[in-house]
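Peer 1: Starting off with a structure, shown below.
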Amino acid sequence: MRFTLFATDALFFSLILVAVAYVFYASRREHLRAPWRRVARNSLAMAAATVLATFLVIAILDSIHFFPRLAAVDGDEGEIQYASEVISLFDLMVGPVRRQVEKTYSAPFAIYAFSKETIELEDGQTVRDYPRLVYGGAHLADIHERNSDIAKRIVIGVSGALVVWLGLASIVFFWISHKASITFRVGFVRALSGGAPGPARTLMVTTAIIAVVIGLCAVLAPYYHIFGTDKVGTDVLYQALKSIRTGLIIGTLTTLVMLPFAVLLGISAGYFRGWIDDVIQYLYTTLSSIPGVLLIASAALLLDVYMTKHADEFTSLVARADLRLLALCVILGITSWTSLCRLLRGETMKLREVDFVEAARAFGVRHTTIILRHMVPNIMHIVMISIVLDFSGLVLAEAVLSYINIGVDPSMESWGNMINSARLELAREPIVWWSLLAALVFMFILVLAANLFADAVRDAFDPRLRVIS
Amino acid sequence: MISYIVRRIAYAIPILIGVNIITFILFFVVNSPDDMARLQLGERRVTQEAIDKWKAERGYDRPLIWNAPADGVKKFSETIFFTNSIRLFMFDFGQSDSGRDIGYDISQRMWPSLAIAVPVLVIGLLLTITLALTVAFFRGTYLDTWAVVLCVAMMSISGLFYIIGGQYLVGKLLHLVPISGFDSGIASVKFILLPVAIGVVGGLGSGIRWYRTIFLEEINKDYVRTARAKGLSESAVLYVHVLRNALIPILTGVVVILPSLFMGSLITEAFFGIPGLGSYTIDAIQRQDFAIVRSMVFLGSFLYIIGLLLTDLSYTVVDPRVRLQ
């Protein structure tokens, strides 16, 4: 296979590198370690973090793109041929689910199509009936076995997942008990009874649930469409999983785009005051007075114009969709830096009057040094809080924007696009609900986890809140 | 007081000019009118004559900001910048790309938007304050904890779900109200009920949580301790003293969105087929009608700036400690 790196992939990976560097940096500084320890002791936050980590792993797997190698044709073995279609490592892992495309809609766990078709029988006669699906339940010899087959697979999936989970958990426990110099049995009992430090029991339950869900998908998805199929017959579960990457990229890259603006301008406005402050204040008041949706819509319209004009520059549909995703992040970033900038300006103004900054000035320390050494570390908690608080809002915004056709490219999998295309089918009788439900459920899980985690981070980092509670 | 108001207005004008310049740059400099014409008329197989005709019909055939061949004041006034951007200051929105008078459309369409937005705001505010105060009353108990968890869960549900779910449940299963549409006068009530209810419910989660923090911040203040020390009951402290003082940040926070109510809600109006300004904007975005989108950007910013102005003024009215500097 030949790897390829899209612009969003590169930025996403560099963002992860930055996060890893931050973890390394924070782990050596007590004033940063203390709030994170407080987050780690919050069991709800750790459950949320586990869910977020699972989503993140899927998004990372889905961000490693490559052209798969084609099977060598006889007599043409010298040259290696690559497919023209880009797939990701995630596509490779889910294998059959990606390729099992039906003709059109089918309900969850269905083995018959959603609409009637004219079928030719073996004796040449034709009847109008619901045809069997090409893939969904195709392995069943007798259609009445479907429910027992599903039940059998559920049992296998759950028990398999639990066995694997128990194995992995035992290894972790063995390691922890070894480090804490207690016997394995004592450690295990203590963790189960809630006596261990930190939210060990919550973590165990959460990981067990995630393992069971993955196990169920692994045994059911290759044989049935768990969430049905959409209009062109693609598996809805596969679509919803692919959308995770889109959601995470919008939620994180947008912050990456806006952070330099907000931090640089916010600090300079608050620190230097005078005309610099006036200019920056004018800039962000003007930008923030334009209604966000309208600014995004205008920018998206202009992007459309640009893409029509430069249609030849995009090598493939995927590259085009990727650029559009990046552009959306940039646009969202430009519209959302103002509130953080205002916060940072206020905080810097308070900070510059504090004694240690005045002392530094009196010693003749240069402005850049004061800013880097005294300002930046002391406003980082605000940046941290706003990054995690913004994330869930951005994921929700993506769905709304895609609904007005100013979000991500229609060819890209995203929850917004899923809702948008499913909305037209609500008037159908019987109603096509699964696409909509899958998108909303996935979005709900991600946003809920992000909100819970963000709350814990805010509580841990905001000194003002600690006084109140 | 009057000099303060004048100063605030004087401060708002450069911002409005800034907005105007940004929209001008976005719509005419980043992409030339030729590009717009090409997008509207179809991708490639379009002749230069057709483009010129399209531009001439809409007045986009003028130079951008400086008309050198013209004489006198027309050097400035016969330009796209003057006819399409400066005129917005006089609320002369001109014609949409499909030839309709935008100003007339706006004056017609703002009433349905208000019919939805005002009830959502009033009912939502009353309900949110009541519930948040109740939650604050039970602070520190299980009720409080679970109410906050419920709020976070409600915040995490996409707004689209409230609309789609509400339409399906109330409109399609129960057949209580029509799913979408609008009517004039008193007959419009049955069309308004569902969007208003959904608008209120959709905002409850974040609203209750936000107001609860405001109430809790007030509860920790000295005057509350004084009131308790006087021997007032907890409910008297909460519903009289705390509520009154907490209303200051709540109401001044509402003032800023008051003028923007005219703009309506994009998604709600589109889903319920309400002929307001929100659906007008969405239609324009989807038809790629640049003239309407430009006008709405200007109108929206103008209303927001008015909102900021009103917020500043309301602070001076409700809080005498704010000095007019």
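The values are calculated or read from the model by the stated rules, or taken from the named source; none is laboratory data. This structure is a prediction, so every number in the text was calculated from the model and none was measured. Reconstructed Cβ throughout: ideal geometry from the backbone, glycine too, with neighbour counts over all protein chains shown. Side chains included, ligands, DNA and RNA excluded: accessible areas come from the protein's heavy atoms. Shrake-Rupley method; radii C 1.70, N 1.55, O 1.52, S 1.80 Å.
Peer 1: Given axes a ≥ b ≥ c from the Cα gyration tensor, I'd like to know whether chain B is rounded (a/c under 1.5), prolate (a/b larger than b/c) or oblate.
Peer 2: Cα axes put chain B in the oblate bin.
Peer 1: Now for a separate question. Place +1 on the Cβ of every Lys and Arg and -1 on the Cβ of every Asp and Glu in the stretch A:68-174, take the dipole about the Cα centre, and give the residue among A:Val134, A:Ile150, A:Val163 whose Cα lies farthest towards its positive end.
Peer 2: A:Val163
Peer 1: Continuing with this model, one more query. Could you tell me the calculated FRET efficiency between B:Asp52 and B:Asn220, based on Cβ-Cβ distance and R0 = 60 angstrom, to the nearest 0.05?
Peer 2: 0.30
Peer 1: Place a +1 charge on the Cβ of each Lys and Arg in the protein assembly as shown and a -1 charge on the Cβ of each Asp and Glu, then give the dipole magnitude about the Cα centre in debye, rounded to the nearest 20.
Peer 2: Dipole size: approximately 3220 debye.
Peer 1: For chain B, what's the relative contact order in percent, using C-alpha pairs closer than 8 Å and at least 6 residues apart?
Peer 2: It comes to 23 percent, rounded to a whole number.
Peer 1: Which positions within the stretch B:23-42 get 40 Å² or more of their accessible surface covered by the other protein chains, compared to the chain by itself, with a 1.4 angstrom probe?
Peer 2: Correct list: B:Leu26, B:Asn31, B:Asp35, B:Leu39.
Peer 1: For the stretch A:243-465, taking Cα atoms only, what is the radius of gyration to one decimal and the Dmax to the nearest whole Å?
Peer 2: 20.9, 78
Peer 1: With every protein chain present, what is the per residue accessible area of chain A (1.4 Å probe, Å²)? List each step's numbers first, then the result.
Peer 2: Numbers: 23480 Å² over 469 residues.
Heavy-atom SASA per residue in chain A reads 50 Å².
Peer 1: When a/c reaches 1.5 or more, the comparison of a/b and b/c decides; with that in mind, is the stretch A:56-212 rounded, prolate or oblate per its Cα gyration tensor? Working shown, then result.
Peer 2: Details: a/c = 3.31, a/b = 1.63, b/c = 2.03.
Since a/c reaches 1.5 but b/c is at least a/b, the shape of the stretch A:56-212 is classed as oblate.
Peer 1: Nearest 100 Å² is fine: what is the total accessible surface buried where chains B and A meet, probe 1.4 Å? Walk me through the numbers before you get to the answer.
Peer 2: Working: alone 18340 and 25580 Å², together 39770 Å².
By this definition, chains B and A bury close to 4100 Å².
Peer 1: A further question on this structure: Which residues of the stretch B:251-289 bury at least 30 Å² of accessible area once all protein chains are present, versus their chain alone (1.4 Å probe)?
Peer 2: B:Leu266, B:Ile267, B:Phe271, B:Ile285, B:Gln286, B:Gln288
Peer 1: Please state the relative contact order of chain A as a whole percent: Cα pairs under 8 Å, 6+ residues apart?
Peer 2: With pairs under 8 Å counted, the relative contact order is 20 percent.
Peer 1: If R₀ is 35 angstrom, what is the calculated FRET efficiency for the pair A:Glu120 and A:His144, using the beta carbon separation as r and rounding to 0.05?
Peer 2: 0.90
Peer 1: So how much slack lies between A:Asp462 and A:Arg273, counting 0.36 nm per residue of separation and subtracting their Cα-Cα distance, in nm?
Peer 2: That pair, A:Asp462 and A:Arg273, stretches by 65.5 nm at full extension.
Peer 1: Suppose we keep just the DSSP beta bridges with both residues in the protein assembly as shown; what percent of those would be antiparallel, to 5? Walk me through the numbers on the way to the answer.
Peer 2: On the way: 14 of 14 bridges.
Counting DSSP beta bridges with both partners in the protein assembly as shown, the antiparallel share is about 100 percent.
Peer 1: Would you mind giving the average projected area, over all directions, of the Cα convex hull of the stretch A:143-220 in nm² with one decimal?
Peer 2: Working: hull surface 22.2 nm².
Computing the convex hull of the Cα atoms and averaging its projections yields 5.5 nm².
Peer 1: Follow-up. Please average, across the residues of B:293-305, the number of beta carbons from any other chain that are within 10 Å of each residue's own beta carbon, and give a whole number.
Peer 2: The mean count of partner-chain Cβ atoms within 10 Å per residue comes to 4.
Peer 1: How many nm separate the modelled label positions at B:Asp101 and B:Gln286, each set 7 Å beyond the Cα in the direction of the Cβ?
Peer 2: Each label point lies 7 Å from its Cα, and together they span 2.7 nm.
Peer 1: If you build the convex hull over the alpha carbons only and average its shadow over all orientations, what do you get for the protein assembly as shown? Give it in nm² to one decimal.
Peer 2: 48.3
Peer 1: Find the accessible area per residue for chain B; the probe is 1.4 Å, ligands and nucleic acids are left out, and the unit is Å².
Peer 2: Each residue of chain B exposes 50 Å² on average to a 1.4 Å probe.
Peer 1: Let me ask something else. Just counting partner chain Cβ atoms within 10 Å, what average do the residues of peptide A:387-396 show around their Cβ?
Peer 2: Neighbouring Cβ atoms belonging to other protein chains average 1 per residue here.
Peer 1: Is it possible to state the helix-based mean residue ellipticity at 222 nm for the protein assembly as shown, with each DSSP H run of 4+ residues giving -39500 (n - 2.57), the sum divided by total residues, to the nearest 500 deg cm²/dmol? What is it?
Peer 2: Numbers: 31 runs with 520 residues, N = 794.
For the protein assembly as shown, the value works out to -22000 deg cm²/dmol.
Peer 1: Related question: Accessible area of the stretch B:82-122 with a 1.4 Å probe: how many percent of it is carbon plus sulfur?
Peer 2: 61
Peer 1: Grab the beta carbon distance between B:Asn245 and A:Ser159, set R0 = 60 Å, and tell me the FRET efficiency rounded to 0.05.
Peer 2: Once the sixth-power term is evaluated, E becomes 0.50.
Peer 1: If amide hydrogens are placed 1.01 Å from N in the peptide plane, which non-local residues have theirs closer than 5 Å to the one on A:Tyr82?
Peer 2: For A:Tyr82, the qualifying residues are A:Leu70.
Peer 1: What order do you get for A:164-170, A:431-437, A:99-105, B:111-117 when each peptide is scored by the mean count of other beta carbon atoms within 10 Å, highest first? Can you show the working numbers first?
Peer 2: On the way: A:164-170: 13.7, A:431-437: 19.6, A:99-105: 17.1, B:111-117: 21.4.
Taking the mean over residues of other Cβ atoms within 10 Å, the ranking is B:111-117, A:431-437, A:99-105, A:164-170.
Peer 1: Arranged from highest to lowest average of other beta-carbon atoms within 10 Å per residue, in what order do the peptides A:87-97, B:3-13, A:295-305 appear?
Peer 2: Put in order of decreasing packing, that is A:295-305, A:87-97, B:3-13.
Peer 1: Over 25 Å apart: what share of the alpha carbon pairs of the stretch A:1-114 falls there, rounded to a whole percent?
Peer 2: Cα-Cα pairs in the stretch A:1-114 separated by more than 25 Å: 53 percent.
Peer 1: Another question about this same structure. Any chance you could check the stretch A:272-315 for residues losing 40 Å² or more of accessible area when the partner protein chains are in, compared with the chain on its own (1.4 Å probe)?
Peer 2: A:Tyr282, A:Thr285, A:Thr286, A:Ser289, A:Ile290, A:Leu294, A:Ser298, A:Leu301, A:Leu302, A:Val305, A:Thr308, A:Lys309
Peer 1: Quick check: residue separation of B:Tyr168 and B:Val317 times 0.36 nm, minus the Cα distance between them. What number comes out in nm? The partial results should precede the final answer.
Peer 2: Numbers: separation 149, 0.36 × 149 = 53.64 nm, distance 4.51 nm.
Gain in length upon complete extension: 49.1 nm.
Peer 1: Under the definition of partner shielding as Cβ atoms of other protein chains within 10 Å of a residue Cβ, what is the mean value for peptide B:159-169?
Peer 2: Across B:159-169, the average partner-chain Cβ count within 10 Å equals 4.
Peer 1: Project the alpha carbons of chain A onto their principal axes and report the range along each, largest first, in whole Å.
Peer 2: The principal-axis extents, from largest down, are 99, 69, 56 Å.
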